[in-house]
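Chemist: Before I ask anything, let me first share the structure, which is written out below as structure tokens.
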Amino acid sequence: MDPSIHRGTAAVSEAYRAFGEREARGVSRTYATWAAGVSEDAVVADLLATLPPGKRQPNLVFAAARWHGADGSYDELRSTLLGRWPQVRSTVLARATQTNEAGRCAVLLPFLAALPQPLALLEVGASTGLCLLPDRYSYRYDDGTRLDPADGPADVVLPCSLRPGVRAPGRLPDVAWRAGIDLAPVDVSDDDACAWLETLVWPEHAERRTRLRAALGIARRDPPRVVPGDLLDVLPALAAEAPGGATLVVLHSAVLAYLDAAARSAFVAAVASLPGHWISNEGAQVLPATAGLSPAAGGRHFVVAVDGEPRALADPHGGALTGIGG
Ligand SMILES: C[S@@+](CC[C@H](N)C(=O)[O-])C[C@H]1O[C@@H](n2cnc3c(N)ncnc32)[C@H](O)[C@@H]1O
């Protein structure tokens, strides 16, 4: 065997083992089982090692396998991968992980609502743009705070537990302008693209799939503008379009992990040169300002930072928010 294939197989086995233990365990039984299975199956790991390195990640491969019928046990995944490899491979190569989670608006809202209104929202890595619509959803915080759009409760109702150090927002934000940037914006009117977004939601997360469908329905009524391109290239010109009189807010969640260290630094510098505010919701290790948080504090949580200052730990799908140092 070509030694580089052997090295690739070992790396795949290790990456899937780590994904199963660190990310899928306790979150998705199916993905935890599948990841453990791949990590111990040299035939399947060999096959996955033939993918380009950036296309081997479990999230993407498992979603592609489900797109082609895999469901349930590890044996089912294995037979789909081995039996329908040309189809699975072409789906992996053609598509990307673009999970768009409207629920994240619940952990952004306390910080958005605290800024001078109205807002000009600019989301980088927006996917479909569902996080650009925080004013169109309903919120139920567990301190009893209920927030609804002016025309009544929305089809998307976001529950969120508030732990010490954070307070519920007093209002929905007043959004005067909104726009996003994405390498490959997902067209909300494209049924195939939306079906892929649903497939990216992990198998047991039926509630999230229902929420995604409802959020896509809301977005379809008045789709947010998402400009195609790299966030570093597009950000300055798009920010310049924000209307005067509105507070510019550059925001993002689950995006900067896709950038290498140099691009992340360039992004931080680009945001710092803009007027307004910057709200990030990313894994703790992604930004230098949050990397110092202990793994126990970060855990599987995202860190919400405002203008680079860590303010809260957030459930990655927006279900809970805990203040940092509050
Ligand atoms: C995991 S999705 C998160 C979507 C959304 N922010 C959310 O939280 O629901 C990451 C998105 O970032 C986009 N992305 C990654 N790198 C990018 C870049 N350099 N420029 C623009 N978009 C990028 C991807 O295309 C993808 O749609």
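The values are calculated or read from the model by the stated rules, or taken from the named source; none is laboratory data. Only a predicted model underlies this, so the values are computations on that prediction, with no experimental measurement involved. All Cβ positions, even for glycine, are placed from backbone atoms using ideal geometry, and neighbour counts span all protein chains on display.
One line per residue, one yes/no per condition, for (1) within 16 Å of the ligand (Cβ to nearest atom); (2) in contact with a Leu (Cβ under 6 Å, 6 or more places away or on another chain); (3) of a type in the set (Gly, Ala, Ser):
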{"position": "108", "(1), (2), (3)": "yes, no, no"}
{"position": "111", "(1), (2), (3)": "yes, no, no"}
{"position": "128", "(1), (2), (3)": "yes, no, no"}
{"position": "131", "(1), (2), (3)": "yes, no, no"}
{"position": "141", "(1), (2), (3)": "no, yes, no"}
{"position": "144", "(1), (2), (3)": "no, no, yes"}
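Yes/no per residue for (1) touching an Asp or Glu at 6+ places or on another chain (Cβ under 8 Å); (2) over 30 Å from residue 62 (Cβ atoms); (3) surrounded by 21 or more Cβ atoms within 10 Å (Cβ to Cβ):
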residue: 204; (1), (2), (3): no, no, no
residue: 209; (1), (2), (3): yes, no, no
residue: 220; (1), (2), (3): no, no, no
residue: 226; (1), (2), (3): yes, no, yes
residue: 245; (1), (2), (3): no, yes, no
residue: 255; (1), (2), (3): yes, no, yes
residue: 263; (1), (2), (3): no, no, no
residue: 290; (1), (2), (3): yes, no, yes
residue: 302; (1), (2), (3): yes, no, yes
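Chemist: Go through segment 1-102 and tell me which helices (runs of 4 or more DSSP H), entirely inside it, have 2 or more residues that are modelled with pLDDT of 95 or more and in contact with a Phe, Trp or Tyr (Cβ under 7 Å, 6 or more places away or on another chain).
Modeler: The helices (runs of 4 or more DSSP H) meeting that bar are 29-39, 58-67, 74-83.
Chemist: Still on this structure: Which condition does residue 56 not pass, out of (1) basic (Lys, Arg); (2) in the same structural domain as residue 166 (by TED's automatic domain parsing); (3) buried (at least 17 other Cβ atoms within 10 Å of the Cβ), if it passes all the others?
Modeler: Here residue 56 clears every test but (2).
Chemist: Helices (runs of 4 or more DSSP H) wholly in segment 213-326 with at least 3 residues that are within 23 Å of residue 119 (Cβ to Cβ) and within 11 Å of the ligand (Cβ to nearest atom) - which ones?
Modeler: Per the criteria, 231-240.
Chemist: Looking at residue 185 and the list (1) within 12 Å of the ligand (Cβ to nearest atom); (2) touching a residue at least 60 places away in the same chain (Cβ under 8 Å), which single condition is not satisfied?
Modeler: (2)
Chemist: Next up: If you check every pair at least six apart or on different chains, which have Cβ atoms under 8 Å apart with a residue in segment 97-125 that is within 17 Å of residue 319 (Cβ to Cβ) and without any contact (Cβ under 8 Å) to a residue 12 or more places away in the chain first and a residue that is within 10 Å of the ligand (Cβ to nearest atom) and not charged (D, E, K, R) second?
Modeler: The qualifying pairs do not exist here.
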